[in-house]
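Notes follow the structure.
The values are calculated or read from the model by the stated rules, or taken from the named source; none is laboratory data. Predicted model, so just to flag it, every value in this text is computed and none were measured. Here Cβ is always computed from backbone atoms with ideal geometry, including for glycine, and neighbour counts include all displayed protein chains.
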Amino acid sequence: MTTQSDARLSLQLLATARKRTLSPRSCTEADLRRAISDLYYALFHAVCEALVEPVGADPENPAFVDFLRGLYRIPEHHLLERRCKDALASGFSPEVRRFAQRVIALKNKRTLADYDFLEVFSISDVQSEIDLVESALHDLRQMPQADRVRFAMFVGLDPKRGR
């Protein structure tokens, strides 16, 4: 479970998704849709966080803050999904491949939640996704930093962009 003091947006989004489903009797379709979106964005922000992790943080230095914001904003949603599909066939660990699978699945579910008004979400499915995302985030945090950053660079940076 996420603590209130954890500054990582990925974990805060996970906690928000969980809060949206805590009371099944009062949970609305809108709550379920927002929870799905929160879960996708938790994974998206985990990639961004891993991408900037080796740089550290110096919030007092304006040049550093600008650099960090720029680096954090590089990943794009379509690229992330495509590169996660590529990661499934690469030499990444099983934990990374499970994380990539969650990104792909939740990107598609988020699109349905945000744009398909006929799609219906059940609380049990959303709660299951919450557990899967929590596990994926935990696995990502537990792997060695070099592996986490290598994966974030693989899925978050477009190799064609620098040419």
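Can you confirm whether A113 is of a type in the set (G, A, S) and out of contact with any Phe, Trp or Tyr (no Cβ under 8 Å at 6 or more places or on another chain)? Against the criterion (of a type in the set (G, A, S) and out of contact with any Phe, Trp or Tyr (no Cβ under 8 Å at 6 or more places or on another chain)), A113 does not qualify.
Annotation: T111 fulfils all but one of (1) touching a residue at least 12 places away in the same chain (Cβ under 8 Å); (2) assigned to a helix (DSSP H, G or I); (3) within 16 Å of the chain's Cα centre (by Cα); the unmet one is (1).
Looking across region 65-81, just one residue is without any contact (Cβ under 8 Å) to a residue 12 or more places away in the chain and within 15 Å of Y40 (Cα to Cα), and that is H78. Looking at region 135-163 only, could you name the residues that are small (G, A, S) and either surrounded by fewer than 17 Cβ atoms within 10 Å (Cβ to Cβ) or modelled with pLDDT under 95 (or both)? Within region 135-163, S135, A146, A152, G156, G162 qualify. Being β-branched (V, I, T) and under 14 Å from the mean Cα position of the chain (by Cα): is that true of V133 here? Criteria met by V133.
Condition check ((1) part of a helix (DSSP H, G or I); (2) more than 12 Å from the chain's Cα centre (by Cα)) across all residues:
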{"position": "V103", "(1), (2)": "yes, no"}
{"position": "L106", "(1), (2)": "yes, no"}
{"position": "E119", "(1), (2)": "no, yes"}
{"position": "E129", "(1), (2)": "yes, yes"}
{"position": "D139", "(1), (2)": "yes, yes"}
{"position": "F151", "(1), (2)": "yes, yes"}
{"position": "K160", "(1), (2)": "no, yes"}
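Within the option set G91, G56, G70, being modelled with pLDDT under 90 and on the phi > 0 side of the Ramachandran plot holds for one residue only, G56.
Sort out for me the helices (runs of 4 or more DSSP H) sitting completely within region 14-91 that have 1 or more residues that are among the hydroxyl-bearing types (S, T, Y) and either surrounded by 20 or more Cβ atoms within 10 Å (Cβ to Cβ) or in contact with a Pro (Cβ under 9 Å, 6 or more places away or on another chain) (or both).
Details: elements: 29-52, 62-72, 77-88.
The helices (runs of 4 or more DSSP H) meeting that bar are 29-52.
Screening V120 with (1) among the β-branched types (V, I, T); (2) over 11 Å from V47 (Cβ atoms); (3) surrounded by 15 or more Cβ atoms within 10 Å (Cβ to Cβ) gives one miss only, at (3).
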